[in-house]
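Comments concern the structure below.
The values are calculated or read from the model by the stated rules, or taken from the named source; none is laboratory data. None of these values were measured; they are calculated from a predicted model. Glycine also receives a Cβ, built like all others from the backbone with ideal geometry; neighbour counts cover every protein chain displayed. The accessibility values were calculated without ligands, DNA or RNA, using every heavy atom of the protein model including side chains. Shrake-Rupley method; radii C 1.70, N 1.55, O 1.52, S 1.80 Å.
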Amino acid sequence: MATLLRSKISNVATSVSNKSQAKMSGMFARMGFQAATDEEAVGFAHCDDLDMEHRQGLQMDILKSEGGEDGGEQPLEGDIHYQRDGTGPLPPSASKDAGVCSELSGQGKPKITAWEAGWNVTNAIQGMFVLGLPYAILHGGYLGLFLIIFAAVVCCYTGKILIACLYEENEDGEIVRVRDSYVDIANACCAPRFPTLGGRIVNVAQIIELVMTCILYVVVSGNLMYNSFPNLPVSQKSWSIIATAVLLPCAFLKNLKAVSKFSLLCTLAHFVINILVIAYCLSRARDWAWDKVKFYIDVKKFPISIGIIVFSYTSQIFLPSLEGNMQNPKEFHCMMNWTHIAACILKGLFALVAYLTWADETKEVITDNLPSTIRAVVNIFLVAKALLSYPLPFFAAVEVLERSLFQDGNRAFFPNCYGGDGRLKSWGLTLRCALVVFTLLMAIYVPHFALLMGLTGSLTGAGLCFLLPSLFHLKLLWRKLLWHHVFFDVAIFVIGGICSVSGFIHSLEGLIEAFRTNAED
């Protein structure tokens, strides 16, 4: 009896010791003590913590069963208790950490180099929406060129400070990554009073930007096809309907594997198109209208140009994920520098030479100014790129909507749109189709590329690229900021706010006028 009692006391002491060690290990891992800069080490620390707690849970399970037979003491409140068959309650972070463990235990996600990360950023800020930049020069002159440079500098800076908000200093003075996404940063800024408010605001802004991007793809497809074949008895609205009919299968997408194969080809094709446009403009260099580029601005339409320029630089929403997947995150700042310098030079040259070629005849989509023989070929390639690019923002918008409204556990507003077998329910598929049709309706009633691009840039582009990063930087790191960083953040917030409000009001006025015109027709 005495031997049995000593054995139980020894087991309990070992259990408590191991449990304390597991809790301390988990606490230190979460604080970053076990990983200085390598994110994988943090994941392994979580795995070690879970493994220790799981083994400890089995020991406590054995003690509990023995204690139950002999009338022994029950586990203390707060003990993590696992059933041997794995059906017991999991700790709040178990599902997340288990995903990390399974990911690390198998073949881990391949990391990308700085050049590959730069290619992704270039794809985001050198897309087909640069076709609207010459139209911005039309209404802004040299000030429009200055804004192309200024927006590049500011977006590069806000991208860096946004990534800085992912990190904090632990008690050892080491900088560790404690957040993973834009949403995490927003939630941290609103905690503890409103712990999910910031994330919801970012999600709403992200959904608006993604859906507006889809609408722009439909608008530009209808516009390009109509101007490529003006002799056909098909209106721009009809071309938009045909484009949407081609895009309707996007509602059935489960993943983007099939679509992603074309992304590199589309990007290369777009660079070729830009080179063709610039080559044509250079061939007419003798006729360039330098006298048309002036310092005055069109007060009514220039704010719309601001939104167009800002929208062409939007990439902040995916930068945290991109930086987290880099082989060497220390190269992120260098990567941001050369990508935005290259973007600034190429966009400035493209916008300037295109405007000098056509001057006051510059149209919203610059390829519409090309001669008919060249225009048809170039526009067909651009339409193909637009249609192949549409699924990317559409699928991202659907994922955000489904996660926020239908799959957010007890916080979801509606029932899960997926069945027990993982298949999409019929009403969920109907909602996806409705989103495709909504992009068509917007493209039909507001077929104005520049207005929609300006509105999106002024509303969500300025918010996600200028306002929120500077605000979050001040909120999370203000005690460690130097005075010039504080000055830059405040200046960007104020200037960005003024430009955003001004551009939004003027773009909205233009949209209302367009609605009235279409209603009368």
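Screening the candidates Ser260, Ser312, Ser305 for the property of being at pLDDT below 85, open to solvent by less than 80 Å² (accessible area, probe 1.4 Å) and touching a helix residue (DSSP H, G or I) at 6+ places or on another chain (Cβ under 6 Å) yields one hit, Ser305.
For segment 167-181, the count of residues that are acidic (Asp, Glu), part of a helix (DSSP H, G or I) and out of contact with any Gly (no Cβ under 7 Å at 6 or more places or on another chain) is zero.
Can you go through Ile201, Ile161, Ile207 and tell me which one is under 23 Å from Leu455 (Cα atoms), more than 13 Å from the chain's Cα centre (by Cα) and either open to solvent by less than 30 Å² (accessible area, probe 1.4 Å) or not basic (Lys, Arg) (or both)?
Going through Ile201, Ile161, Ile207 in turn, the sole match is Ile201.
Contact map, segment 213-230: first residue under 16 Å from Val437 (Cβ atoms), second residue open to solvent by 20 Å² or more (accessible area, probe 1.4 Å) and in a loop (DSSP other than H, G, I, E, B), Cβ cut-off under 6 Å, separation 6 or more or different chains; pairs are Val219/Pro447. When the criteria are applied in full, Val299 meets the requirement of being open to solvent by 50 Å² or more (accessible area, probe 1.4 Å), among the hydrophobic types (A, V, I, L, M, F, W, C) and not in a helix (DSSP H, G or I). Exactly one residue out of Trp358, Trp290 is open to solvent by 60 Å² or more (accessible area, probe 1.4 Å) and of a type outside the set (Gly, Ala, Ser), and it is Trp290. State whether the residues of segment 459-478 include one that is open to solvent by 50 Å² or more (accessible area, probe 1.4 Å) and at pLDDT below 80. Looking through segment 459-478, at least one residue is open to solvent by 50 Å² or more (accessible area, probe 1.4 Å) and at pLDDT below 80. Of the residues making up segment 487-498, those that are open to solvent by less than 50 Å² (accessible area, probe 1.4 Å) and either in contact with a His (Cβ under 8 Å, 6 or more places away or on another chain) or without any contact (Cβ under 8 Å) to a residue 24 or more places away in the chain (or both) are Asp489, Ala491. Here Ser321 does not fit the description of being under 26 Å from the mean Cα position of the chain (by Cα) and crowded, with 18+ Cβ neighbours inside 10 Å.
Given the structure, is Val277 β-branched (Val, Ile, Thr), at pLDDT 75 or above and over 28 Å from the mean Cα position of the chain (by Cα)? So Val277 fits the description; yes.
Of the residues Gly454, Gly503, Gly497, Gly463, the single one that is under 25 Å from Thr244 (Cα atoms) and of a type in the set (Gly, Ala, Ser) is Gly454. Does segment 402-424 contain at least one residue that is touching a strand residue (DSSP E or B) at 6+ places or on another chain (Cβ under 9 Å), in a helix (DSSP H, G or I) and at pLDDT below 90? The answer is yes, given that some residue of segment 402-424 is touching a strand residue (DSSP E or B) at 6+ places or on another chain (Cβ under 9 Å), in a helix (DSSP H, G or I) and at pLDDT below 90.
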